[in-house]
Amino acid sequence: MNHTEINQTDQCLQFVCPERSVSTAVYVFLYICAAAVVLLTVFGNLLIIICVCHFKQLHTPTNMLILSLAVSDFLVGALVIPVSLIWMIESCWMFNALFCKCSIVASYFLTTTSIFNVALISADRYFALSNPFLYTDTVSVRTMCIVVLCNWFILLAYNVALQYFNGHFADLVMCPGHCFLVLDEIWSLVDLLLTFALPCSVIIILYGLVFVIVKKHATAIRELNTVTRTQTKNVTDSMKSERKAAKVLGILVSVFLACLFPYFIYTVLGNVIEIEVGNFQKVLMLVYLNSTINPVIYALFYPWFRKCVKITLTLQIFNTDSALMHVL
């Protein structure tokens, strides 16, 4: 038995699945809450996917990025959250080693994709507000779809490399009740820089610049309105629309960062101090729950989303030419 096997055996011996300490009623209630979270995540993001794909008026470059984010959030809700919630409720990994490996790959890949989707949304809004004419001329729906596909394939390749160069899950701790991948120090640093420091820096910097531009636009709107209200109506409406979109996406990004920071703080601290598995699961679940929160943000702040949902739920999307309906 080599050193790695001894360490892993020691870790397994130190862990024993605890007996369930809650009453049956609480146990059932926890599973009902878990099912509600999964359903809200899956169906909320599915509604966004249906709306953006079905209605022609929503086929814009920015909405292609929102669609990409909704797809990654939908997959998180369908593939990652159910398994993680069962693990938390049972306080024990209930599945086999193969399922553990698949779960880790899905978790790493989909959360990383969500992070970069938000970074791309920030870049898109900054470009659209800082160079609106150049943005209109150069960024099309087709171009944005290519960017989205490249983003997914590059991140898939990165996550495959991450698992491969860590010894094909050689450091996978698969004890009774445990399922996590331990990265070595080098890959841990690389992963932290590439999947957190880089995209989050881009998000914070670009949104800082976006709100500076929004403030300038607000000043310009007031100045234009003092001169004339008729000749500048279209310009004013357009600028107000861009400003509102930037604010809503700013809320989206702020919530995203609030869900993300605790996890990566724990990741950094994990290299210095010993962290309990239960606490780590909670901050990791906060990252996943961002996928649940996003559709709620759209429902609260996007009138077009509420209108599209109403049309979808009343089955009007099956009407002839429903894709051409005015929803903005």
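The values are calculated or read from the model by the stated rules, or taken from the named source; none is laboratory data. Note that the coordinates shown come from a computational prediction; the quantities given were computed from them, not determined experimentally. When we count neighbours, we look across all protein chains shown, and the Cβ atoms used for this are built from the backbone with ideal geometry, even at glycine.
For the reader, a short list of remarks on this structure follows.
- Looking only at segment 154-193, and only at residues there that are of a type in the set (Val, Ile, Thr), more than 14 Å from Phe109 (Cβ to Cβ) and not in a loop (DSSP other than H, G, I, E, B), the one that is modelled with the highest pLDDT: Val190
- Filter pass, Ser130 being touching a Leu at 6+ places or on another chain (Cβ under 9 Å) and surrounded by fewer than 18 Cβ atoms within 10 Å (Cβ to Cβ): yes
- Residue list for segment 117-131, filter: part of a helix (DSSP H, G or I) and without any contact (Cβ under 8 Å) to a residue 24 or more places away in the chain: Phe127
- When Ser140 is tested against (1) in contact (Cβ under 8 Å) with a residue 60 or more places away in the chain; (2) polar (S, T, N, Q); (3) in contact with a Phe, Trp or Tyr (Cβ under 7 Å, 6 or more places away or on another chain), exactly one condition is not met: (3).
- Scope segment 287-328; condition without any contact (Cβ under 8 Å) to a residue 60 or more places away in the chain, of a type outside the set (Val, Ile, Thr) and crowded, with 16+ Cβ neighbours inside 10 Å; matching residues: Phe301, Tyr302, Lys307
- Filter result (over 14 Å from Tyr158 (Cβ atoms) and free of Cβ contacts under 8 Å to residues at least 60 places away in the same chain) within segment 91-106: Met94, Asn96, Leu98, Phe99, Cys102, Ala106
- When segment 124-133 is filtered for residues that are closer than 20 Å to Ile205 by Cβ and out of contact with any Asp or Glu (no Cβ under 9 Å at 6 or more places or on another chain), the ones remaining, listed by number, are Asp124, Tyr126, Phe127, Ser130, Asn131.
- Boolean, Phe95 is modelled with pLDDT under 85 and not in a helix (DSSP H, G or I): yes
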